[in-house]
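Here's the structure, in structure tokens; my notes come after.
Derivation of every value follows stated rules applied to the coordinates shown; laboratory data play no part. All of these numbers come straight from a predicted model, not from anything done at the bench. Backbone-built Cβ (ideal geometry, glycine too); neighbour counts: all protein chains shown.
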Amino acid sequence: MDDALSALVEHRYADLGDVRLHYVEAGEGPLVVLLHGFPQFWYMWRFQIPALAEAGFRVVAPDMRGYNLSEKPRGVSNYRVELLARDVERLILACGEESAAVVGHDWGAAVAWVTAMMHPGRVKRLGILNVPHPERFARGLLRPAQLLRSSYMFFFQVPRLPEKVLAAGNFAFLRYTLRNEPIRPGVFIDEDIERYVEALARPGALTAALNYYRALFRRNPFKVRTLLRRIEAPVMVIWGERDRYLGKELAGPDPSWVPNLRVERLPDASHFVAEDRPDEVNALLLEFLPPRRTSG
């Protein structure tokens, strides 16, 4: 890990009742919770944590349940999105706050959407990176092009085989993806890739990460409206338009569900937008997030 980042963050654990989460914390001020995606962990926010902490925010970035150093409950049912959203709510309370700004990428963004719906009083502002609103995604899956882009999710439903494929050759597929997915060459250096491999190679971690997808599809994504609630909090969607997995037409949710919405598109950014274009993402987040402390 970069020495400056290592010196900045403090490693902590929160007992949330049915699961114990590891998280890192940095800075003082209004609370911002950063939620990572697949196949990452808290470290994906390595460019955002210093920028937000320096700007006067208290930044908390957990390893979501099942990932890296957090507890890994067994069984698909323990990864239902309602439980993941409850983890966020309880983490905010465990940090001694009633509410926070919540920012998520990929699966973290999916959980962030649901947290804002299920626990609106806990989410002051919502930042979303490259994951559509659940209603938009459900409709998107009705289109053949998006169904093809999302075909890997259906493969993940198969028991045990996806674990074998993804772990084969010391996680060769993951290494290939991280080296070749971002638009800007060298986004993921060898140290970054090794950290992601190390986290997924922990006992139970890969199955836990895949269980996010399995739990989602056991609910049936075409019936996702049962979870939908109007989000009144300000929402900013940051979307890397060269995402191989999600079409750019999915970026903007229906205003009837998200009336206080801002969409920022980065034409030359990949799905891994926070790492692909950290300066642009940091600038947008600092502009969007709530007022923080000022010197003097």
Problem - Spacing of the two label points (7 Å from each Cα toward its C-beta) at ARG265 and ASP3, in nm - result: 4.4 nm
Exercise for the section: Express in nm, to one decimal, how much length is gained between GLU28 and LEU93 on full extension, taking 0.36 nm for each residue of separation and deducting their alpha carbon distance. Expected result: 21.8 nm
Practice task
Would you mind computing, in nm to one decimal, how far apart the modelled labels at ARG229 and TYR13 are, each placed 7 Å from Cα along Cα→Cβ?
Solution key: 3.1 nm
Completion exercise
For LEU35, other-chain or 5+-apart residues with amide H closer than 5 Å (H placed, Pro excluded) are VAL103, GLY104, HIS105
Problem - Ordering of 135-148, 54-67 by packing [mean C-beta count within 10 Å, highest first] - result: 54-67, 135-148
Handout entry: Computed label-point distance, nm, for sites GLU54 and TYR245 using a 7 Å Cα→Cβ extension
Key = 2.9 nm
Handout entry: Separation between Cα centres of the stretch 41-93 and the stretch 147-167, rounded to whole Å
Key = 24 Å
Handout entry: For the chain, calculated [θ]222 nm from helices alone, where every DSSP H run of n ≥ 4 adds -39500 (n - 2.57)
Key = -11500 deg cm²/dmol
Exercise for the section: Provide Rg over Rh for the chain; use the alpha carbon set for both Rg and the Kirkwood Rh (inverse mean inverse pair distance). Expected result: 0.93
Completion exercise
Using alpha-carbon positions, the gyration tensor of the stretch 154-235 gives root eigenvalues a ≥ b ≥ c; with a/c under 1.5 called rounded, otherwise prolate if a/b exceeds b/c, else oblate, the class is oblate
Fill in the blank from the handout: Per the C-alpha gyration tensor (a ≥ b ≥ c, the square roots of its eigenvalues), the stretch 140-296 is rounded if a/c is under 1.5, else prolate if a/b beats b/c, else oblate; here it's oblate
Fill in the blank from the handout: Computed over the chain, the relative contact order (Cα-Cα under 8 Å, seq sep at least six) in percent reads 22 percent
